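Engineer: Quick one: this structure, given as structure tokens, is what I'll be asking you about.
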Amino acid sequence: MTLAEIDAAAVALPRPEPLDVARTALFLDLDGTLAAIAPGPDEIGPDPRRARVLARLQTLLDGRLAVVSGRTLADLDRILEGAVTSLAGVHGLQRRRADGEVIESVPAEGLAAARRMLEATLPRAGGLIVEDKGLAIAVHYRQAPDDADAVLAAATEAARRHGLELQHGSMVIELRPPGADKGDAIAAFMAEAPFKGFTAVFVGDDLTDENGFRTVEALGGSAILVGPRRPTLASRSLAGVGEVMAWLEAAGPHSMSAAS
Ligand SMILES: [Mg+2]
């Protein structure tokens, strides 16, 4: 082992316990958690294994399952093929409750002007994807990593001019109005049936998931970071999407006896 590897091993977070389906209210991020990161947001589509796992969990957990993502509800329904009712989209600005009711914030006035400003000031060289989510605007620079500084500068100025906030993610930056974050969305679900009274568990990989980690830890639940250790509020970790899927597939009424 190199020194760096020894260091990483010394501070690695423990793996989560087997999922206790009788007590858990489960919240899952999508990109980087249930789906490997793709070059562009449209390259993620339906997946039979993921659909099977989510359908099984929905039953095992008696509906106490929600996907909490930066994507829009429409995009989540496209990718999950409508398998999950309870959803939070655009980092908490949209939410669909277990009874099907959709709650969302009103689009911010400055968003359209901010989009025009971004399109006028972003580098022209190609590779950047500007995604209009209606309630927020994302600039993806995964295919143009050298433009990161220019994207940050343009987004910072557009946000300042138009009263918006910046939401940093993995090779993406978003302009969004102040409002509910992923933690607020999880807290709202936890105040309602069928989630209320159960133990919140949230699995996520990105900076935006830290708000959710804070909420579940404050509620006495458990936060699970996907990917390498970094400064985080999570207390458990799984190495990647493959480990998440295996951990979810191992969940069940027999998971405790299987572990002993
Ligand atoms: Mg993610």
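The values are calculated or read from the model by the stated rules, or taken from the named source; none is laboratory data. Just so you know, these numbers come straight off a predicted model, no measurement behind them. Methodologically, a virtual Cβ is constructed for each residue, glycine included, from the backbone with ideal geometry; neighbour enumeration extends over all protein chains shown. Surface accessibility is based on the protein's heavy atoms, side chains included, excluding ligands, DNA and RNA. Shrake-Rupley method; radii C 1.70, N 1.55, O 1.52, S 1.80 Å.
Engineer: Which value, in Å², gives the accessible area per residue of segment 94-162 when a 1.4 Å probe is used on the protein heavy atoms? Write out the running numbers ahead of the final one.
Structural biologist: Numbers: 3800 Å² over 69 residues.
Per residue, segment 94-162 has an accessible area of 55 Å².
Engineer: Follow-up. Going by the alpha-carbon gyration tensor, a ≥ b ≥ c the square roots of its eigenvalues, is segment 2-135 rounded (a/c under 1.5) or, if a/c is not under 1.5, prolate (a/b greater than b/c) versus oblate?
Structural biologist: Details: a/c = 2.08, a/b = 1.22, b/c = 1.71.
Oblate is the answer for segment 2-135, as a/c is 1.5 or above yet b/c matches or exceeds a/b.
Engineer: For every helix of n ≥ 4 consecutive DSSP H residues, a contribution of -39,500 (n - 2.57) applies; sum these over the chain, divide by its total residues, and give [θ] at 222 nm rounded to the nearest 500 deg cm²/dmol.
Structural biologist: Helix-only estimate at 222 nm: -10000 deg cm²/dmol.
Engineer: Report, by chain and number, residues whose modeled amide H sits under 5 Å from the one on Gly169, excluding near sequence neighbours (fewer than 5 apart, same chain).
Structural biologist: Amide H neighbours of Gly169, under 5 Å, 5+ apart: Glu174.
Engineer: Would you be so kind as to identify which of Gly221, Ala185, Trp247 lies farthest towards the positive end of the dipole of segment 169-260, taking Lys and Arg as +1 and Asp and Glu as -1 on Cβ and the Cα centre as origin?
Structural biologist: Of Gly221, Ala185, Trp247, it is Gly221.
Engineer: Output the 0 to 90 degree angle, nearest 10, between the alpha-carbon long axis of helix 148-162 and the longest principal axis computed from the alpha carbons of the chain.
Structural biologist: For 148-162 against the chain, the angle is about 80 degrees.
Engineer: In addition: Around Pro16, what is the net charge, scoring Lys/Arg as +1 and Asp/Glu as -1 over all other residues with Cβ under 12 Å from its Cβ?
Structural biologist: -1
Engineer: Below 15 angstrom from the Cβ of Val244, what's the summed charge of the other residues (Lys, Arg +1; Asp, Glu -1)?
Structural biologist: That sum, taken over residues with Cβ under 15 Å, equals -3.
Engineer: How much accessible surface does Met245 have with a 1.4 Å probe, in Å² rounded to 10?
Structural biologist: 10
Engineer: In whole percent, and with a 1.4 Å probe on the protein chains, what portion of the accessible area of the chain is carbon and sulfur? Walk me through the numbers on the way to the answer.
Structural biologist: Values: 6580 of 11980 Å².
Of all accessible area on the chain, carbon and sulfur atoms account for 55 percent.
Engineer: Please report the net charge: other residues with Cβ closer than 15 Å to the Cβ of Thr199, K and R +1, D and E -1.
Structural biologist: After counting each charged neighbour, the total is 0.
Engineer: 7 Å from Cα along Cα→Cβ at both Val106 and Glu81: what's the point-to-point distance in nm?
Structural biologist: Computed distance between label sites Val106 and Glu81 equals 3.9 nm.
Engineer: What does the C-alpha gyration tensor say about the overall shape of segment 189-260? Classify as rounded when a/c is under 1.5, otherwise prolate if a/b is larger than b/c, or oblate.
Structural biologist: Oblate is the answer for segment 189-260, as a/c is 1.5 or above yet b/c matches or exceeds a/b.
Engineer: Follow-up. With a 1.4 Å probe and all protein chains left in place, how much accessible area per residue does segment 176-236 have, in Å²?
Structural biologist: Each residue of segment 176-236 exposes 40 Å² on average to a 1.4 Å probe.
Engineer: Classify segment 137-252 as rounded, prolate or oblate, taking a ≥ b ≥ c as the square roots of the eigenvalues of its Cα gyration tensor: rounded when a/c is under 1.5, otherwise prolate if a/b is larger than b/c and oblate if not.
Structural biologist: oblate
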